[in-house]
1. For a protection proxy built on the mean count of beta-carbon atoms within 10 angstrom, sort 269-278, 163-172 highest first, please.
2. Provide the per-residue ³J(HN,Hα) series for the range 460-466, in order, calculated from phi with Karplus coefficients 6.51, -1.76, 1.60 and θ = phi - 60°, each as a whole number of Hz, with x at glycine and proline positions.
3. As a test of the formula, what do you get for the chain when each DSSP H run with n ≥ 4 contributes -39,500 (n - 2.57) and the sum is divided by the residue count, at 222 nm and rounded to the nearest 500 deg cm²/dmol?
4. Sort the following peptides by mean Cβ neighbour count (other Cβ atoms within 10 Å, averaged over residues), highest first: 300-307, 420-427, 397-404.
5. Mind pulling the per residue volume of the convex hull built on the Cα atoms of the range 362-471? Å³ is fine.
6. Given R₀ = 41 Å, what would the calculated FRET efficiency be for Val407 paired with Gln485, taking r from the Cβ atoms and rounding to 0.05?
7. Once phi is turned into ³J(HN,Hα) by the Karplus curve 6.51 cos²θ - 1.76 cosθ + 1.60 with θ = phi - 60°, what whole-Hz value does each residue of the range 86-91 show in order, with x for glycine and proline?
8. Can you tell me the order of 309-322, 254-267, 86-99, 486-499 when each peptide is scored by its average per-residue count of other Cβ atoms within 10 angstrom, highest first?
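The values are calculated or read from the model by the stated rules, or taken from the named source; none is laboratory data. Keep in mind that this is a model prediction, so the values were computed, not measured. When we count neighbours, we look across all protein chains shown, and the Cβ atoms used for this are built from the backbone with ideal geometry, even at glycine. The area values use the complete protein model at the heavy-atom level, side chains included, leaving out ligands, DNA and RNA. Shrake-Rupley method; radii C 1.70, N 1.55, O 1.52, S 1.80 Å.
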Amino acid sequence: MSERASRRKGGGREGRREARENKVVEKAAFIERKIPYMEYLSEESLQLIEDNADILLEEIGIDFLDDPEALEIWKNAGADVRGTRVHFPKGLCRSLIQATAPREYVQYARNPERNVIIGGPRTVLVPAYGSPFVHDIDKGRRYATIEDFDNFVKLAYMAPGLHHSGGTICEPVDLPVNKRHFDMVYSHFKHSDKPLMGSVTHHERAQDTVDMAKLVFGEEFVDQNCVLTSLINVNSPMVYDGTMLGSLKVYARNNQATVISPFILAGAMSPVTTAGTVTQILAEALAGIAFTQLIRPGAPVIFGTFAAAVSMATGAPTFGTPEPSMVIYAAAALARRLGVPFRSGGGLCGSKLPDAQAAYEAANTLQTSALAGVNFMLHTAGWLEGGLAMGYEKFIMDCDQASMIGVLLGGMDMSENGQALDAVREVGPGKHYLGSEHTLRNFETAFYRSTVADNNSFEQWTADGALDAAQRANGLWKKMLNEYQAPAIDPAVDESLLDFMARRKGSFADRDY
């Protein structure tokens with residue numbers, strides 16, 4: 001075929017590139033897992049960890065601080081309460097959980113097509129969370145603003161590999177601490193129609209989140225259905241503080257999901273061994289998950305963990321190493337045995353830049369989490385510098401990985417087309433498959449096509465500007481924001497949210513705590 005004919009048929013190289021870039025991408029609401037779980041530990045090892053966690057709960061106990069109501073609830077449930085320390089009879093927590101905690105639940109989105117199922121053979125990928133700084137290769141590292149927050153909500157909305165809008169994607173430090181939650185929750189509702197997370201930094205802020213959700217979904221609907229999944233961190237080792245307990249109670253009483261998540265830097269906040277760390281994680285999670293069921297039986301809840309290790313040389317947190325992967329594999333299996341959804345993993349890294357360290361550390365954790373069976377993968381995209389920074393280029397690179405996870409967990413095509421016997425019969429020995437009828441029929445969907453990687457020749461890469469992955473990602477996030485179109489929202493709902501925010505903000509003074 002002549003060059004001129006090639007251009008007429010497909011537009012040549014530029015035409016094919018344009019077609020790929022403008023191709024409509026299918027956006028799955030969540031991933032349906034079709035492959036087995038990676039089982040890292042034996043039945044005997046898992047049972048040993050469960051037995052040791054029971055010993056820890058009974059003999060050592062868990063502190064519930066600054067919350068007399070929580071202590072009274074535990075006392076009435078049969079626990080041994082000594083001051084702020086709660087000791088749990090063997091099997092108490094597990095029996096409370098298995099009696100009423102759902103194995104899976106639906107989190108409803110503003111757009112019903114975005115509803116997600118959390119639990120079972122499913123994975124929901126969620127942006128990173130909680131960074132006070134943002135980073136891009138143009139402006140470097142700086143404090144996050146509400147503009148950055150809005151940008152990341154828009155990017156998460158547009159990313160086909162992400163299924164959830166997330167929560168505190170970054171901290172908008174240009175807004176008062178005690179009022180910024182209004183703007184963050186509003187941003188999720190306004191700029192996205194995917195599911196979202198709520199504020200947990202004060203029980204009143206949690207209630208504000210629930211009240212805003214009621215304006216969007218209706219009060220009765222919120223009481224009977226989950227529209228928020230929010231993060232409750234354990235103050236490891238073995239402490240629940242008043243702030244987290246207050247928010248936990250608000251969400252559970254309103255039938256909204258909580259992620260009960262021990263926050264572990266192994267070696268500092270747990271033992272230096274993986275078995276010891278997993279034992280502590282299980283004990284901490286059991287206490288918190290059971291508490292949600294005492295607040296409201298049947299309230300949706302996730303067994304969460306954030307597990308990294310500290311360097312024994314410097315004390316700094318490390319990511320992407322083998323030991324946290326072991327923890328994720330073990331904790332995922334323990335969650336399945338307990339009968340609740342599991343959260344862990346993400347694109348974790350310690351790198352300050354979207355460089356090779358960031359890429360391989362993130363890929364290690366993302367793939368481990370996918371294989372382990374994580375249901376709610378917080379920190380999927382954007383995490384830099386041990387969580388201190390949310391990176392624009394890193395976000396785009398991680399979203400590419402997220403889409404790959406969807407392909408991996410979708411399993412191998414074993415249909416007649418997937419078996420491809422007709423292709424082998426047509427081509428036979430010593431020839432190539434490029435022009436075969438089977439290849440022509442499948443080439444649009446054959447193999448994952450990275451949105452970030454460059455696989456051209458050296459000469460073509462040079463002609464295109466000799467850009468590295470971060471530079472290519474830089475162009476992509478700018479293009480996405482330039483092309484962003486907001487999802488439709490009922491003007492009356494939007495007005496009610498703005499009115500609620502104005503009234504609540506005007507009812508108390510700004511504070512920086």
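1. Details: 269-278: 19.4, 163-172: 26.9.
Highest mean packing first, the order is 163-172, 269-278.
2. 5, 4, 5, 5, 7, x, 6
3. Only helices count here, giving -14500 deg cm²/dmol.
4. Numbers: 300-307: 29.0, 420-427: 14.2, 397-404: 24.6.
Result, highest mean first: 300-307, 397-404, 420-427.
5. Values: hull volume 17.1 nm³, N = 110.
Once divided by residue count, the hull of the range 362-471 is 156 Å³.
6. Details: r = 26 Å, r/R0 = 0.65.
With a Förster radius of 41 Å, E is 0.95.
7. Those phi angles translate into 10, 10, 10, x, 3, x Hz.
8. On the way: 309-322: 14.7, 254-267: 24.3, 86-99: 17.9, 486-499: 12.7.
Answer by packing, highest mean first, reads 254-267, 86-99, 309-322, 486-499.
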